[in-house]
């Protein structure tokens with residue numbers, strides 16, 4: 001209950017800051033922000049979550065709007081009240097992605113009557129990306145498509161993102177529990193920080209190092225607090241590490257995407273971004289799934305087990321609906337609001353999985369959950385406090 005009150009307080013504060021009169025909002029020049037975040041330095045933020053289309057591009061667009069309006073983010077008065085918009089956006093993200101996570105876990109925990117399980121992670125990515133392509137296409141027709149978009153940058157970014165997501169699914173398919181995989185993915189700022197230190201000459205505060213250490217350490221404790229799962233669990237850990245590395249690689253590709261669109265003088269709209277990114281994700285997944293012969297075997301498994309196919313369809317639809325709510329929230333609120341919602345959603349996903357899916361944890365396991373969640377919440381508190389990062 002205290003955590004829920006804390007969450008509501010953060011969202012309300014962020015929303016209040018978003019709608020506050022200019023005289024009440026601290027003005028920070030875009031130049032000062034640029035000084036804190038050099039052009040070529042990746043920033044360890046929650047901008048490429050595995051179950052959400054990357055919205056770093058739109059956070060940058062909001063920063064441009066902030067600069068244009070003299071340093072304050074304001075809301076347009078017409079339409080629904082801000083409280084109702086927040087309820088729609090945050091409620092939609094929570095509902096879609098909490099159910100999304102539950103369905104993803106169900107897909108890879110399902111066991112057929114003959115003892116076989118669904119292992120075709122790339123086929124799952126094909127179906128998920130296809131659902132997002134369809135929704136993105138419809139949205140693009142309604143809002144108007146942007147001409148002159150550089151497709152190559154979207155192709156590279158899409159291929160990287162779908163591979164990271166596939167590795168997450170492969171980790172689950174190879175014995176890694178959903179709570180453990182989700183906590184591990186929450187530490188994706190670690191490879192970004194590592195790459196920034198080596199290649200970008202970045203520097204981070206002691207608090208940021210402690211946040212990453214808490215998430216990684218907590219995840220390790222949870223792993224040690226569970227019964228050993230043998231070689232399959234080891235393979236699952238290997239896949240989640242690959243997914244984390246690809247998250248760091250994706251960050252670099254996304255910077256190229258922003259650079260290419262800027263050079264071309266175009267600003268893709270939300271559904272442009274959703275359509276083109278997922279189109280190339282889908283193409284990449286199709287090529288790999290065909291190459292691995294997952295299409296035939298996967299469809300045969302789904303035909304023999306209609307129950308699992310229904311779950312997969314729901315899973316893909318949740319992804320598409322959730323992404324639409326993400327874009328809705330980005331277009332109506334400060335980036336802090338979206339960061340708050342997506343970050344806390346991960347914590348709720350872990351807790352719901354433990355409670356509803358029957359994951360047995362020892363006292364050590366629960367202490368690891370608490371440590372990892374404290375790192376996630378600490379990162380959220382730091383961003384809520386408005387303290388800039390030192391890079």
Name the helices (runs of 4 or more DSSP H) wholly within segment 189-266 that hold at least 3 residues that are touching a helix residue (DSSP H, G or I) at 6+ places or on another chain (Cβ under 9 Å) and at pLDDT 75 or above? 206-224, 231-263
I'd like to know if segment 153-175 contains one or more residues that are at pLDDT 90 or above and in contact with a strand residue (DSSP E or B) (Cβ under 9 Å, 6 or more places away or on another chain). yes
Criterion first (under 19 Å from the mean Cα position of the chain (by Cα), surrounded by fewer than 18 Cβ atoms within 10 Å (Cβ to Cβ), modelled with pLDDT under 95 and assigned to a helix (DSSP H, G or I)) does residue 91 satisfy it? yes
When restricted to 113, 145, 131, the only residue closer than 27 Å to residue 181 by Cβ and in a loop (DSSP other than H, G, I, E, B) is 113
Residue 310 passes all but one of (1) over 21 Å from the mean Cα position of the chain (by Cα); (2) at pLDDT below 95; (3) farther than 21 Å from residue 175 by Cα; (4) in a helix (DSSP H, G or I); which number fails? (2)
Look through 324, 378, 331 and report the one residue that is assigned to a helix (DSSP H, G or I), at pLDDT below 80 and within 30 Å of residue 271 (Cβ to Cβ). 331
Looking at residue 347, is it surrounded by fewer than 22 Cβ atoms within 10 Å (Cβ to Cβ) and in contact with a helix residue (DSSP H, G or I) (Cβ under 8 Å, 6 or more places away or on another chain)? yes
Extreme residue, surrounded by the fewest Cβ atoms within 10 Å (Cβ to Cβ), among residues of segment 131-169 that are over 22 Å from the mean Cα position of the chain (by Cα) and within 15 Å of residue 264 (Cβ to Cβ): 147
Looking at (1) under 30 Å from residue 111 (Cα atoms); (2) in a helix (DSSP H, G or I), find the lone condition where residue 175 falls short. (2)
Members of segment 293-304 that are touching a residue at least 60 places away in the same chain (Cβ under 8 Å) and more than 30 Å from the chain's Cα centre (by Cα): 304
Before we move on, is residue 339 over 19 Å from residue 104 (Cβ atoms) and either exposed (fewer than 15 other Cβ atoms within 10 Å of the Cβ) or over 23 Å from the mean Cα position of the chain (by Cα) (or both)? no
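The values are calculated or read from the model by the stated rules, or taken from the named source; none is laboratory data. In this text the structure is predicted, and so the values were computed from the model without any measurement. Here the Cβ is made from the backbone with ideal geometry for all residues, glycine too, and neighbour counts use every protein chain on show.
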